[in-house]
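The values are calculated or read from the model by the stated rules, or taken from the named source; none is laboratory data. As the structure is a prediction and not an experimental result, all values here were calculated from the model. Here the Cβ positions follow ideal geometry from the backbone for every residue, glycine too, while neighbour counts run over all protein chains shown.
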Amino acid sequence: MENNDFNLKSQSVLLVSEQGSIARMVSDVFPSSENNTVTESANTFKKLNGAALQLAFKHDLVIFEIDSDDAGELQAIEELLARRSGDTLFIALTQNDLSITKARELRKIGVDEVLPLSIDGEGLKAAITEKVGARIVPQPVFANGPVAQGKIIPVTKSRGGIGASTVAVNLACALVGGKRSFFRKKTESRVALLDFDLQFGNANVFLDIEDNGGCLQLIESAEQPDDHFLSSILQKHSIGVDVLCAPAPMVPLQSIRSDLIEELLNLLQRRYDYVVIDLPCAIVEWVEPILRRATKLALVTDTSVPCVRQARRLIDFYRETNVGLPIEIIINHERQTLIKPAHVREAEKVLETKLKHWVPDNQKIARNAVDLGQPVIAMKPKSDIGKALAKMAEALGSELQVAAPKNN
């Protein structure tokens, strides 16, 4: 998909609608004079054959009119989106009085944006520009040439005190690699750790770092952050992780603006191979841009009934924002057994996944690591908890491996 400054130039658009007024509006938003191409189809998706349906994925955008009460059309779109593997955006135009529930159903099957049929050209352009802009992040360029886009890995939890910060800190430290590598790589990856648990975050304590006020600067910033600002708020740890501490004073959960998060992620993805983000145990608006960009999400829980139920709710919520988001379940404070107990089998059924990441409960070593301000994988790498955390980090890291630049 080609785009400069999100100006909707050089876009290939498939329009599926029978209304001439919609066709004229789309043509105005994507004029041919700016190298856009608009292909029109008066058929509905359920009337198109397999070959015609596959043509949809050859376009940058598919804008289609749909009656949300038409079960056959909904099924046809769901089957089409189930086969999506590229970056094609699907924009639905539907009834003006569409309920929130039905809009969520469309998003759940993979529709990227749901707009009313009464929308005008300016509104359509603004909505699509926002969606295209969120998908496009400038390619990072360093002295040795372009580097793959940094991977964003949020870490969340089913309840407070479950150990998500322990997982986030040790994951970030393990991903650095290099001589201290648990992956035995020759070069180090660039890793940032952001503690966005604004009210109860303590990732800095695990690394013996004092808050430098960086997060407060971000919250209070009236301007968009730039590279200079980013360098001023991050702190380098000796292991090689750059850390943004949670603010020392108590601040409201809604303190951060979503646009600041968007720009911060732009900067971080250009600079780092991995960005690990410790999320709060709450649903707040500014988490959405993080979830939309996430490469993989780590959800820390245990197998108790309340935690499993909450984990299921969180998975459903997160996938409303990012339908295809891969989620790894980390079972903390529990040891994996050779034979699965009934409650573990039930948890796997509810969560619809095999539970493959287990971190045993070793309070003595975990407490000692926090008191000394060292990650477990560095302080006690051969302990049961150290091995489990390293194994978990290696599994996640190997799936997300990006090429780090060679050092001159």
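Can you find a residue that is assigned to a loop (DSSP other than H, G, I, E, B) and closer than 24 Å to residue 199 by Cβ anywhere in region 313-324? Reasoning before the result, please.
Just the residues of region 313-324 that are assigned to a loop (DSSP other than H, G, I, E, B), to begin with: 322-324.
Filter once more, so that each one left must be closer than 24 Å to residue 199 by Cβ: none.
No, region 313-324 contains no residue that is assigned to a loop (DSSP other than H, G, I, E, B) and closer than 24 Å to residue 199 by Cβ.
Each row is one residue, and each column tells you yes or no for (1) of a type in the set (A, V, I, L, M, F, W, C); (2) in the same structural domain as residue 317 (by TED's automatic domain parsing); (3) assigned to a loop (DSSP other than H, G, I, E, B).
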{"residue": "212", "(1), (2), (3)": "no, yes, yes"}
{"residue": "218", "(1), (2), (3)": "yes, yes, no"}
{"residue": "223", "(1), (2), (3)": "no, yes, yes"}
{"residue": "242", "(1), (2), (3)": "no, yes, no"}
{"residue": "256", "(1), (2), (3)": "yes, yes, yes"}
{"residue": "261", "(1), (2), (3)": "yes, yes, no"}
{"residue": "282", "(1), (2), (3)": "yes, yes, yes"}
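May I ask you to verify whether residue 307 is buried (at least 19 other Cβ atoms within 10 Å of the Cβ), closer than 21 Å to residue 170 by Cβ and not aromatic (Phe, Trp, Tyr)?
Details: buried (at least 19 other Cβ atoms within 10 Å of the Cβ): yes; closer than 21 Å to residue 170 by Cβ: yes; not aromatic (Phe, Trp, Tyr): yes.
Criteria met by residue 307.
What are the pairs with Cβ atoms under 8 angstrom where one residue, in region 361-376, is under 22 Å from residue 211 (Cβ atoms) and the other, located anywhere, is among the acidic types (Asp, Glu)? Sequence gap at least six, or different chains.
Listed pairs, sorted by first residue: 372/208; 373/208; 374/208.
In region 303-320, is there at least one residue being under 28 Å from residue 232 (Cα atoms) and among the polar types (S, T, N, Q)? Lay out the reasoning, then the answer.
Within region 303-320, the first condition is being under 28 Å from residue 232 (Cα atoms), and the residues that meet it are none.
Scanning region 303-320 turns up no residue that is under 28 Å from residue 232 (Cα atoms) and among the polar types (S, T, N, Q).
Cβ-Cβ below 8 Å, separation at least six or inter-chain, first residue in region 331-349 and in the same structural domain as residue 297 (by TED's automatic domain parsing) and among the hydrophobic types (A, V, I, L, M, F, W, C), second modelled with pLDDT under 95 and surrounded by fewer than 17 Cβ atoms within 10 Å (Cβ to Cβ): which pairs?
Listed pairs, sorted by first residue: 344/337.
Which of the residues that make up region 201-225 are under 27 Å from residue 163 (Cβ atoms) and exposed (fewer than 14 other Cβ atoms within 10 Å of the Cβ)?
Within region 201-225, 208, 210 qualify.
So that you can scan it fast, the table gives a plain yes or no per residue for (1) modelled with pLDDT under 90; (2) within 20 Å of residue 374 (Cα to Cα):
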{"residue": "186", "(1), (2)": "yes, no"}
{"residue": "191", "(1), (2)": "no, yes"}
{"residue": "232", "(1), (2)": "yes, no"}
{"residue": "239", "(1), (2)": "no, yes"}
{"residue": "260", "(1), (2)": "no, no"}
{"residue": "264", "(1), (2)": "no, no"}
{"residue": "269", "(1), (2)": "no, no"}
{"residue": "276", "(1), (2)": "no, yes"}
